[in-house]
Every structure is written in C-alpha cells, then in structure tokens.
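Here's the structure, in structure tokens; my notes come after.
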Amino acid sequence: MLETIKSASRSDSRLAALAGEAGEYAQIYLLAKQRHKGCDGAGELMTLKEEFKDSVDTMVRYCKDKGYPCGISADDLDGAARALRP
C-alpha cells in the first residue's frame, strides 16, 4: 500500500508533503524510541509519539478523502514508522 502512496504523491503535491512529513517524524520517532529503551513514558518521547501520530492521522484522512488506498494506521505507530521512514 505504501507504493500506492508513493505513486500517487508524484502527481499530488499535498500527499507528497504529508508523506514527507510523516516520514521525517517516523525517522525521529524510531531513533528516539531506541535511545529511550525502557523509558516509554519519557516526556520527550511521548511528545514525539503524539506529533508522529497526528501526522499519520492527517495523511490517512487525506488518503481516504482522495480515495487512495493507504494501508497505514496510526493505531500501529511502530509499524507505520517502519513503513514510512525514508
């Protein structure tokens, strides 16, 4: 499904921007999570997690509105992060 987003983003600049932002948050989130092993409740990590979740939610809503199959969910942030990271 991520290939569909990548393909559609070639002709949809808004989707490209949303996917790029989500990819950046994914990379930051995964790095921060590695550094804070055992500290999932740390304030900075929770803030990053919420910002990442918001960016994924926005991208998923946009995909649904435009009829693009997304296949990514903010309910599984770790899976979404692995799929979206650049």
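Read the figures in this text as sums done on the coordinates, not as results from a lab. These numbers were taken from a predicted model, which means no experiment stands behind them. Virtual Cβ from ideal backbone geometry, glycine too; neighbours counted across all protein chains shown.
Computed from point charges on the beta carbon alone (+1 for Lys and Arg, -1 for Asp and Glu), the dipole magnitude for the chain about its Cα centre is near 260 Debye. Among the trypsin sites (Lys or Arg not before Pro) in segment 8-86, those placed in a DSSP loop whose Cβ has at most 12 other Cβ atoms within 10 Å are Arg10, Lys37.
In this simple spin-label model, placing a label point 7 Å from the Cα along the Cα-to-Cβ direction at both Arg10 and Lys64 gives a separation of 2.8 nm. Helical content of the chain, expressed as a calculated mean residue ellipticity at 222 nm, amounts to -24000 deg cm²/dmol (DSSP H runs of 4 or more residues, -39,500 (n - 2.57) each, divided by residue number, nearest 500). For the chain, the number of Lys pairs with C-alpha atoms closer than 28 Å, counting only pairs eight or more positions apart or on separate chains, is 13.
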